[in-house]
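All remarks here apply to the structure that follows.
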Amino acid sequence: MAAAREISSDRFVFGCHRFGFGPAPGGGAVDVERHVVPMVKTALDLGIRTFDSAVLYRATLQLGRALDSMGVDPRTIRFQTKCLRYLGLKAGGAIEHQPDALLQGIPRRYQNLTDKWDTTPAGVEQQICRERIEFGGDVLHGVALHDPPDKEKQAGLDWAADVSPAIAYLRSVRASGFVERIGLGIKEPSFVERFVKAEPGALDYAGVTFCPSILGPMMSIIDLAAREKFQVTLMGINYGQAFTLTSDPLHHAPFLYNYEVATAEERALMSRFFTICGSTPLLHLAAAVAGLLAVHFPDVVTQIVTSTLTPSRLVETVKSAREAHVPAPVWAELKAAGLVPREFPTH
Ligand SMILES: NC(=O)c1ccc[n+]([C@@H]2O[C@H](COP(=O)([O-])OP(=O)(O)OC[C@H]3O[C@@H](n4cnc5c(N)ncnc54)[C@H](OP(=O)(O)O)[C@@H]3O)[C@@H](O)[C@H]2O)c1
């Protein structure tokens, strides 16, 4: 039995998106007392101190209410959120730029709205102040720009208008101490380098959706982070549903890969992982890779964000990141097949 990976509990972050979007386990709306309180309690019992949300998720009020109901002072936990991408009234030619696959998961009450991208200081201030009020604490541990690459893909991105003014405002509130860190919350790894070049000195943490199949690009981000002195947050380590599958992804019903429906090429890629992993669940591989990154790059890979509405699952995911075992021959085969970089430290 291999020794457990030493990852302190405060490196795990609980992702709040389902407090807003739901659904609750078994379907239906999320109820603060029934669903959010037990989830937050489990996270705190595990030693998790940081919670990750976004204006878009409509989840922060539920977190704040749960803390209030539990008598937990919000100033004793850390709260980080994401701005710009939020669901607002359709007006002034604003258009929806959620990926279609994600829209299906968004409750009816948020349909026919659009995600406005208001980078004026007043717009960003309004969004993050509302988050702070709903959460209930004093300062925000982080504010990330929420998915500028998605906006670019679907509605175009004019850096001077769509990014710079928001960053200028966030720099000013970081200087005043209201916001502790400026981040990114993105699904497109290559955006990190572009951002660092365009906004020198702004980035404190790059939150990137991550799974073993993008280890190559992730190692480059880690290198860049060490040089440029920012930290890396691994988000959504199952890449949507791709690493939860227990039958061959090639023939599986449609599933999400990096939060969009997997293409034929992505199915084939996942099928190669599945075949080589054999009896090792893909879920274990994803958790082990995230855990190994946290262990081997402790100054850079500082957060693993995970999320569920099932308390026992949170316990399981934290345990897996520390303990999931991938047999040496599986690592060797993944490396030989070019699915895991040869230099990746596997123990
Ligand atoms: N662009 C962005 O900024 C961005 C994008 C994605 C994610 N995020 C952040 O990352 C957080 C986590 O995202 P996520 O929940 O989508 O991540 P994830 O870790 O990829 O989880 C996705 C799926 O894995 C399932 N799962 C987890 N443990 C499992 C197990 N033991 N067995 C079977 N299935 C299991 C979950 O099911 P259940 O939920 O049913 O347990 C869920 O359907 C979000 O809350 C957010 O904070 C940010």
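The values are calculated or read from the model by the stated rules, or taken from the named source; none is laboratory data. These numbers come from a predicted model, not from an experiment. Note that we place each Cβ from the backbone using ideal geometry, even for glycine, and neighbour counts take in every protein chain shown.
Quick check on my filter: what residues within region 259-316 are of a type in the set (D, E) and in a helix (DSSP H, G or I)?
Residues satisfying the conditions are E265, E266, E316.
Here's the yes/no breakdown for (1) part of a helix (DSSP H, G or I); (2) at pLDDT below 95; (3) aliphatic (A, V, I, L, M); (4) away from the ligand (no atom under 13 Å from the Cβ):
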residue	(1), (2), (3), (4)
E193	yes, no, no, yes
K197	yes, no, no, yes
A202	no, no, yes, yes
P249	no, no, no, yes
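Given region 77-149, what strands (runs of 3 or more DSSP E) lie entirely inside it while holding 2 or more residues that are in contact with a Gly (Cβ under 8 Å, 6 or more places away or on another chain)?
Per the criteria, 78-83, 114-116, 142-146.
If you go through region 197-251 one residue at a time, how many are over 19 Å from the mean Cα position of the chain (by Cα), of a type in the set (G, A, S) and surrounded by fewer than 19 Cβ atoms within 10 Å (Cβ to Cβ)?
Residues of region 197-251 that are over 19 Å from the mean Cα position of the chain (by Cα), as a first pass: 197-202, 223-224, 226-229, 245-251.
So of that shortlist, the ones also of a type in the set (G, A, S) come out as 198, 201-202, 226, 247.
Now restrict to residues that are surrounded by fewer than 19 Cβ atoms within 10 Å (Cβ to Cβ): 198, 201, 226, 247.
Count: 4.
For region 11-25, name all the residues that are among the aromatic types (F, W, Y) and more than 10 Å from the ligand (Cβ to nearest atom). Quick ask: steps written out before the conclusion?
From region 11-25, those among the aromatic types (F, W, Y) are 12, 14, 19, 21; that's our starting set.
Answer for region 11-25, where residues must be among the aromatic types (F, W, Y) and more than 10 Å from the ligand (Cβ to nearest atom): just F12.
Quick check on my filter: what residues within region 214-237 are closer than 13 Å to A287 by Cα and either in contact with a Gly (Cβ under 7 Å, 6 or more places away or on another chain) or at pLDDT below 95 (or both)?
Selection gives M235, G236, I237.
I'd like to know if region 48-60 contains one or more residues that are of a type in the set (G, A, S) and surrounded by fewer than 21 Cβ atoms within 10 Å (Cβ to Cβ). Before you say what the answer is, go through the steps one by one.
From region 48-60, those of a type in the set (G, A, S) are 53-54, 59; that's our starting set.
Subset that is surrounded by fewer than 21 Cβ atoms within 10 Å (Cβ to Cβ): none.
Among the residues of region 48-60, not one is of a type in the set (G, A, S) and surrounded by fewer than 21 Cβ atoms within 10 Å (Cβ to Cβ), which makes the answer no.
Could you tell me whether T263 is more than 14 Å from the ligand (Cβ to nearest atom), touching a strand residue (DSSP E or B) at 6+ places or on another chain (Cβ under 9 Å) and among the hydroxyl-bearing types (S, T, Y)?
When the stated conditions are applied, T263 passes them.
Please list, ordered by first then second residue, the pairs with beta carbon atoms under 7 Å, 6 or more apart or interchain, first in region 286-312 and touching a residue at least 40 places away in the same chain (Cβ under 8 Å), second of a type in the set (S, T, N, Q) and part of a helix (DSSP H, G or I).
Qualifying pairs under 7 Å: A287/T317; A287/S320; T306/T317; P311/T42.
Within the group L282, L215, L256, which residue is within 23 Å of A336 (Cβ to Cβ) and either within 11 Å of the ligand (Cβ to nearest atom) or of a type in the set (S, T, N, Q) (or both)?
L282
Can you pull out the residues in region 2-53 that are out of contact with any Lys or Arg (no Cβ under 6 Å at 6 or more places or on another chain), among the basic types (K, R) and over 26 Å from E180 (Cβ atoms)?
R34
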